[in-house]
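Trainee: What follows is a structure written as structure tokens; I'll ask about it next.
The values are calculated or read from the model by the stated rules, or taken from the named source; none is laboratory data. In this text, all values refer to a predicted model and were calculated from it rather than measured experimentally. Ideal geometry is used to build each Cβ from the backbone, glycine not excepted, and the neighbour counts take in all protein chains shown.
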């Protein structure tokens, strides 16, 4: 396994936990770096009716993705899942972009339900 450098491009500290929930790595947000953002748009595509109440349904469309750094050998960027999904939808494959895995078997919470970290990073490619 090759050594990589991880740059956290989210606004939050990223804590990676082991299978027992112990934090084994903390990666602070990168300083002085613009956080990647996705422009989103939505439009009404229909409606559903529940108990006589009509509820509009909108479809979200991803716009431009901003502030994505260029690929650098040996570097992984942690970004939001929304960023990776928007890029995938546009046909852009960036295997150097990972996001925190928020599936139930990955998220580690304290007794109050507050997220402490994740066990996995995820990719959409």
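Trainee: Which numbered condition trips up residue 62, out of (1) in contact with a helix residue (DSSP H, G or I) (Cβ under 9 Å, 6 or more places away or on another chain); (2) within 19 Å of residue 30 (Cα to Cα)?
Mentor: (2)
Trainee: Quick check, is residue 50 at pLDDT 95 or above, out of contact with any strand residue (DSSP E or B) (no Cβ under 8 Å at 6 or more places or on another chain) and at negative phi? Show your work before the answer.
Mentor: Values: at pLDDT 95 or above: yes; out of contact with any strand residue (DSSP E or B) (no Cβ under 8 Å at 6 or more places or on another chain): yes; at negative phi: yes.
So residue 50 fits the description; yes.
Trainee: May I pose another question? Over 27 Å from residue 90 (Cα atoms) and touching a strand residue (DSSP E or B) at 6+ places or on another chain (Cβ under 9 Å): is that true of residue 27 in this structure?
Mentor: When the stated conditions are applied, residue 27 passes them.
Trainee: Something else: For the range 31-125, which strands (runs of 3 or more DSSP E) that fit wholly inside it have 2 or more residues that are surrounded by 10 or more Cβ atoms within 10 Å (Cβ to Cβ) and in contact (Cβ under 8 Å) with a residue 24 or more places away in the chain?
Mentor: Output list reads 37-50, 53-66, 75-78, 97-100, 115-118.
Trainee: Across the range 19-30, which residue is farthest from the chain's Cα centre (by Cα) among those that are without any contact (Cβ under 8 Å) to a residue 12 or more places away in the chain and assigned to a strand (DSSP E or B)? Outline the logic, then answer.
Mentor: Let us first name the residues in the range 19-30 that are without any contact (Cβ under 8 Å) to a residue 12 or more places away in the chain, namely 20, 22, 24-25.
If we keep only those that are assigned to a strand (DSSP E or B) as well, we get 24-25.
Values: 24: 20, 25: 18 Å.
Going through the qualifying residues, I end up with 24.
Trainee: If the requirement is being under 22 Å from residue 18 (Cα atoms) and at pLDDT below 95, which of these qualifies: 115, 107, 60, 79?
Mentor: 115
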